[in-house]
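The values are calculated or read from the model by the stated rules, or taken from the named source; none is laboratory data. Everything numeric here is computed off the predicted structure, so don't read it as measured data. Cβ coordinates were reconstructed from backbone atoms using ideal geometry, including for glycine residues, and neighbour counts include every protein chain displayed.
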Amino acid sequence: MYLKVVVVSFVVLLLGALIGFLAFPMLFQELVKRSVNLKPGSETRQMWEKLPFPMIFKLYVFNVSNPQEIEAGGKPRLQEVGPLVFEEWKDKFDVLDIEEENAISFKMRNTFILRPDLGLNGDQLITMPHPLLQFMAIGTLGQAEELQAAVAMGLELIFQPRSAFITATLMQLFFDGIDVNCAHEEPAAQAICQQFHAGAVPGAVPVNATHFKFSLMGAGNHTNAGSFKVARSRSKGTTVGRVLQFNGADQLQVWTETFNGSSCNRFRGTDGTIFAPFMRPQQGLWSYSPQLCRSLSPKWLGKTSYNELPAQRYELSLGASRLEPDWSCYCTSYPDDCPADGTMDLVRCSGLPMVASLPHFFQAQPELVTQVEGLWPSKDKHASTLIFEQLSGTVLSVFNRLQFSLKVSSVPQVAVMCQLRNLTMPLFWIEESLQLDKTITAVLHKKIFSVLSANNLFRWLAIGLGSLGCALGGLFLHLRRGDAKRVGASEEQ
């Protein structure tokens, strides 16, 4: 009898160990990986196509306090104004399944809805560098003098600038638009206006045959933000959501190839709206950003918790191209002509003399902060962070922050710009944020961690009972054999 107890207890112990530590984790991981896919009808697909809740989009703008001093060569004094708060709804349209490739194509769309109850109403007046005037004038530097002179003449005719700066409301500058009059017949003005008519000026929207509205963000509101093709589910060599193409191309044609063979033109990761489950920190959380023409992965900082869920904490850094050979393709000429540490030059991406960085040049070269007055970098306010639950591949919390600055240069042919200092002037910064509430994380806890807790209880209970059964059975078996020996010895006497 006791031998049977020992055998049964050992089997229970062995099953508890094999099922609890090997079979169940492998089966659970496989089931989760299979459930996270973008095939028609899947729960993940529905959430992925249209996020059922908005992100919060905040816009902070740097108001220029001393435009006349700057035009005379003075140091800019800036004052941060904001936030202008929007709901940002993300959805995908023209969705098409490509069965033979196990892929899906779609167009991305972002829709912004102003929430004046959460911030400013957008009627505040802002003074900032005139985006069209300065973008176009600075963009001609390095070109033939005849071209620079022609563009300067065209800008004079169209904008009749009395200043290198413009004063308008927040909504006019960023969404409603400022007027551009292309009713001029002079060849210099017509040469510039042809770019507007051809749709080659980002942010410009036609009003009629001769007039346009230009804004920094309005043209991208509720419109096509790019065409993607991504993997529908995991397969050999790829993971769910991995970007296969963007705007019909298998890779970018933006950056120069590096001497060590790495390529900044290669797409890595997803579109940022989905991640594969069971991503290990060393794999990174790669996603492609069309704004930057670049794939990015935040740096893993360590373990944390969110609404009682175990999670991983990440923080974004733009790094230093001059110090990292794999990023040398972001340099104009490595290692002598590279973007300042903590920044990214966007001229090859957007064609505009713009620089991306974290807000207030957080984690960037200190001299960028001191070129202007009014910047106060802070980790709490300006770091770009993400909290990630790796078992399900769920982003629990994200604060995506990015600043856009103008590479200011003096332009001799434009009177109001001929004395400007050469510097990097912050224009505005944005914050996209999302924090899952306890209702959603409770569902996640039930689907993932309650199951894991049940398995944890089963395996340790089985191991405990099996061990106890083996110990007690062995003990009683030993005692029984001892008693038998003593009985035998008594009978012989």
TODO: Please determine, by comparing only the residues of region 137-152 that are of a type in the set (A, V, I, L, M) and within 19 Å of L420 (Cα to Cα), which one is surrounded by the most Cβ atoms within 10 Å (Cβ to Cβ).
DONE: A137
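Could you name every one of the strands (runs of 3 or more DSSP E) located completely within region 366-454 that has at least 1 residues being among the small types (G, A, S) and in contact with a strand residue (DSSP E or B) (Cβ under 8 Å, 6 or more places away or on another chain)?
It comes to 394-408, 423-435.
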Task: Only one of T424, T441 that is more than 30 Å from V240 (Cα to Cα), touching a residue at least 60 places away in the same chain (Cβ under 8 Å) and more than 15 Å from the chain's Cα centre (by Cα) - done: T424
Open item on the list: With the requirement that a residue be under 24 Å from L420 (Cβ atoms) and not in a helix (DSSP H, G or I), what does region 163-177 give you?
Closed with: S163, A164, F165, I166, T167, A168
TODO: Please work out if E185 is on the phi < 0 side of the Ramachandran plot, of a type in the set (D, E) and in a helix (DSSP H, G or I).
DONE: no
- [ ] Please specify each residue of region 173-197 satisfying the condition of being crowded, with 21+ Cβ neighbours inside 10 Å and under 27 Å from V81 (Cβ atoms).
- [x] L173, F174, F175, G177, V180
TODO: Could you tell me whether any residue of region 228-245 is exposed (fewer than 13 other Cβ atoms within 10 Å of the Cβ) and modelled with pLDDT under 90?
DONE: yes
Open item on the list: Which condition from (1) crowded, with 20+ Cβ neighbours inside 10 Å; (2) in contact with a strand residue (DSSP E or B) (Cβ under 7 Å, 6 or more places away or on another chain) is the one that A276 breaks?
Closed with: (2)
- [ ] Please enumerate the residues belonging to region 198-210 that are surrounded by fewer than 17 Cβ atoms within 10 Å (Cβ to Cβ) and either under 23 Å from T140 (Cβ atoms) or in the same structural domain as K90 (by TED's automatic domain parsing) (or both).
- [x] A198, G199, A200, P202
- [ ] Pairs only if they're at least six apart or on different chains, beta carbon under 7 angstrom, first in region 94-112 and outside any strand (DSSP E or B), second crowded, with 18+ Cβ neighbours inside 10 Å and not β-branched (V, I, T); list them, first residue then second.
- [x] N102/A231; N102/R232; N102/S233
Task: Residue that is farthest from F62 (Cα to Cα) [pool: residues in region 91-113 that are buried (at least 17 other Cβ atoms within 10 Å of the Cβ) and aliphatic (A, V, I, L, M)] - done: A103
TODO: Could you identify the single residue in L125, L84 that is touching a Phe, Trp or Tyr at 6+ places or on another chain (Cβ under 9 Å) and either under 24 Å from P426 (Cα atoms) or surrounded by fewer than 17 Cβ atoms within 10 Å (Cβ to Cβ) (or both)?
DONE: L84
Open item on the list: Within region 283-360, considering only strands (runs of 3 or more DSSP E) that don't extend past its boundaries, which have at least 2 residues that are surrounded by 19 or more Cβ atoms within 10 Å (Cβ to Cβ)?
Closed with: 287-289, 294-296, 309-315, 343-345, 354-357
Open item on the list: So V416 ticks every box in (1) at pLDDT 80 or above; (2) exposed (fewer than 15 other Cβ atoms within 10 Å of the Cβ) but one. Which box is left unticked?
Closed with: (2)
